[in-house]
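A short write-up of the structure that comes next.
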Amino acid sequence: MVLDFLLPSPPKSWSADKTSSFHAKITTPTKAAIEPVGRHFLAHARRHIHSRTFSEDEK
Amino acid sequence: MESVVIGINFGSSNSSIAVLAPNGHFNVIANADGERMIPSVVGFSGDEEFSGTQALQQAVRNPKNTLQGFRKLIGKKFEEIKISSDVTHPDMVSKDGVPAYKVSFKDQEHIFTVPAVVTKQLKHILEEAEAYLGSKVTGAVLAVPTYFSEHQREVLAKSAADAGINVLQIIQEPVAAALAYNFGQNPAKGDAQDKTALVLDMGASSFDITVLSVRSGIYTILETAHDEALGGDAFTDELVNLVAQEFKKKTKVDVSSNKKALLKIRTAAEITKKQLARSASAPCSVESVAEGLDYHGSINRLRFELASTKLFAKCNQLIEHILEKSQLTAGAIDEILLVGGATRMPKFQSKLRDIFPETTMRLDQESDEAITVGCAAQASLIAGFEKEDIVASTKENITVTPHTVKPIGVVGSNDEFFTIIPNHTPLPAKRVFEFGQAAAGQQEVYFALYEGEQDPLPPKKEKVEKVDIGSDDEEEDEEEELPAKPTYHKTTLLAEVVLKDLPAGAKAGSLHIEATVHVDVSGKTSITLREKKSGKQVRAESA
Ligand SMILES: Nc1ncnc2c1ncn2[C@@H]1O[C@H](COP(=O)(O)OP(=O)(O)OP(=O)(O)O)[C@@H](O)[C@H]1O
Ligand SMILES: [Mg+2]
């Protein structure tokens, strides 16, 4: 994805020695069911089940 | 032995079978009678037992021994079901609390429970598949409606196993359809990978709607709604009434309470209705409707649509209802996936256009084949896996995952919010995107990540429901606005990251900064900024 706007310079208040600053956590995620179909799901499942056959899935 | 796996759509009125063909496409295969839609009907006549096309063919002659609509009854208790026992329906009894059909067969009364009938139908499907393929079927994926309970799924699985089918997986119908339409599975470069679809499935007996989101190829059902009385059958009923009125006009014979006569008309009306999807009028002929009198006439599509005005309005209401329930504007729906034979009605589609003028309406799949094809696609995906692994992958510890509640994104120069990770995204999630840096010679870039919120929807105008005469509604929506694409504004600053020491002397917009945002299952966020040419990068992670 390419976003069609440009990144600015840091604001004046930004202290020169800092490279990052985290302010808030994202809103607490809610649990929901994903559907167990399709190759993207299988890749997800494979990461959870360390079984032989699933680890063989996809080259 | 080579494994041949199939997809089965066991619908309440039609069943179908699909397989992966050598050319990589999924084919819906025809039964011995040349039909791709195999009626979900079982019948008994004399010493013979029929399924599918042949069972339907003898239905009008032999209604008391012809079983239809049994899929709905799977896993239900006898007390829970409505039975319409009359001259045109078989008798039903309770066998240990399970609904069962009482039929006469081989000069004897026989009782067949619903699961036993389901087994007969599925066995027939399996035999048709094996006859066509010329080999044994090693496994199948089936689909069920979203409102099927766990118990109903179990009863179906057991019936299928009794039919000799190795059930690899039972999946949800709208999700199967989404796979068939390849919804969000492999987005072309530049296409959004995060989308929302409205799956509209109108079969014979019900109208099922699902709001489905896809995030990096993974589906989440956001909302469902269904109306069990709103399906192709209800539309056929309107046509039956029209024909009965015409017949009365011509012959003075009133058949409105003659069930056998209505059943005969129904068979003809069903064919006429399908023809009306393609032409502006269609013939309807019924031999010996009543008192030895035939009916030969033709029905005009507009007339049928007018008679169905209330039904079409109900369809719209259910759609509006689910949008409201899921707090989505029509503009927030990226694609409409049409499923089920009855969505072929031209008026159904033109009414949809009115609600969703901007949405991509997918017509690149036969609507009544989408579920089967999706099942076949899933079957061939998992064919090589061990059964235990497939079962394990559908357990809650794998399918129930945290999802984002609010969109995460960046803000452009005029405060416009660009979503990077939308709401309803299963975690962990990772998105990569690219920017240019701003001013010439700029050697440091600043990146701020926000959480956002959808802007309030414009107040809904009360619409006066006009009686629609089927005249493709051009006058109506003069001053009506298009349904708004949802917009967002920033609410919370999550993180700021600065990438320093960029190559000196670059022209404005000539450096390309790649940003990677990763959110893990607990909501922990990491951000990486990298200048693509120099490889210069910075990575930061929340506590
Ligand atoms: N060309 C058409 N025009 C209008 N209606 C059609 C057309 N083709 C099929 N139908 C209708 O579609 C319905 C059958 O659709 P489908 O095969 O999807 O149902 P099903 O899945 O068996 O039923 P259900 O989803 O209710 O369980 C019937 O009512 C039929 O009349
Ligand atoms: Mg259906």
Given the conditions (1) part of a strand (DSSP E or B); (2) hydrophobic (A, V, I, L, M, F, W, C); (3) more than 15 Å from ligand 1 (Cβ to nearest atom); (4) without any contact (Cβ under 8 Å) to a residue 24 or more places away in the chain, every one holds for B:V214 apart from (4)
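Hey, among B:A157, B:A176, B:A140, B:A180, which residue is in contact with a Gly (Cβ under 8 Å, 6 or more places away or on another chain), more than 16 Å from ligand 2 (Cβ to nearest atom), at pLDDT 95 or above and small (G, A, S)?
The match here is B:A140.
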Looking only at residues in segment B:20-37 that are of a type in the set (A, V, I, L, M) and under 19 Å from the mean Cα position of the chain (by Cα), which one is farthest from ligand 1 (Cβ to nearest atom)? B:V28
Output the number of the condition that B:F148 fails; it satisfies all remaining conditions of (1) farther than 17 Å from B:A225 by Cα; (2) under 22 Å from the mean Cα position of the chain (by Cα); (3) surrounded by fewer than 22 Cβ atoms within 10 Å (Cβ to Cβ); (4) not aliphatic (A, V, I, L, M). (1)
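Enumerate the strands (runs of 3 or more DSSP E) found wholly within segment B:1-78, keeping only those where 2 or more residues are within 16 Å of ligand 2 (Cβ to nearest atom) and either in contact (Cβ under 8 Å) with a residue 40 or more places away in the chain or buried (at least 22 other Cβ atoms within 10 Å of the Cβ) (or both).
Working: elements: B:5-10, B:14-20, B:26-28, B:41-45, B:48-51, B:66-68.
Those strands (runs of 3 or more DSSP E) span B:5-10, B:14-20.
Listed here are the residues, each with its yes/no results for (1) under 24 Å from B:R266 (Cβ atoms); (2) among the aromatic types (F, W, Y); (3) modelled with pLDDT of 95 or more; (4) in contact with a helix residue (DSSP H, G or I) (Cβ under 8 Å, 6 or more places away or on another chain).
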site	(1), (2), (3), (4)
B:N23	no, no, no, no
B:P39	yes, no, yes, yes
B:A55	yes, no, yes, no
B:R61	yes, no, no, no
Can you give me the number of residues within segment B:150-177 that are of a type in the set (G, A, S) and in contact with a strand residue (DSSP E or B) (Cβ under 6 Å, 6 or more places away or on another chain)? 4
Filter result for B:A157 (in contact (Cβ under 8 Å) with a residue 12 or more places away in the chain and within 11 Å of chain A (Cβ to nearest Cβ)): no
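Kindly provide the set of residues from segment B:141-151 that are away from ligand 1 (no atom under 13 Å from the Cβ) and more than 14 Å from chain A (Cβ to nearest Cβ), ordered by number.
Taking segment B:141-151 and keeping what is away from ligand 1 (no atom under 13 Å from the Cβ), we get B:141, B:149-151.
Residues satisfying the conditions are B:S149, B:H151.
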B:L142 fails exactly one of the following numbered conditions: (1) within 27 Å of the chain's Cα centre (by Cα); (2) farther than 26 Å from B:E386 by Cβ. What is the number of that condition? (2)
Residue hits (segment B:487-514; out of contact with any Lys or Arg (no Cβ under 8 Å at 6 or more places or on another chain), among the aliphatic types (A, V, I, L, M) and within 11 Å of another protein chain (Cβ to nearest Cβ)) are B:L493, B:A495, B:V497, B:A508
Can you find even one residue in segment B:186-193 that is within 14 Å of chain A (Cβ to nearest Cβ), surrounded by fewer than 16 Cβ atoms within 10 Å (Cβ to Cβ), more than 12 Å from ligand 1 (Cβ to nearest atom) and among the basic types (K, R)? yes
Any strands (runs of 3 or more DSSP E) falling wholly within segment B:348-451 and containing at least 3 residues that are within 12 Å of chain A (Cβ to nearest Cβ) and either modelled with pLDDT of 95 or more or farther than 30 Å from B:A30 by Cα (or both): B:400-403, B:408-411, B:417-421, B:429-437
Kindly evaluate B:D477 against the criterion of being under 24 Å from B:E358 (Cβ atoms) and modelled with pLDDT under 95. yes
Where the second residue is outside any helix (DSSP H, G or I) and among the charged types (D, E, K, R) and the first is crowded, with 22+ Cβ neighbours inside 10 Å and lies in segment B:218-243, which pairs have Cβ atoms under 7 Å and are six or more apart or on separate chains? B:Y219/A:E35
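Say whether the condition of being closer than 23 Å to A:D17 by Cα and of a type outside the set (D, E, K, R) is met by at least one residue in segment B:421-437.
yes
The values are calculated or read from the model by the stated rules, or taken from the named source; none is laboratory data. Bear in mind that the values here come from a model prediction, so they are computed numbers and not experimental data. Neighbour counts run over all protein chains shown; Cβ positions are idealised from the backbone, glycine included.
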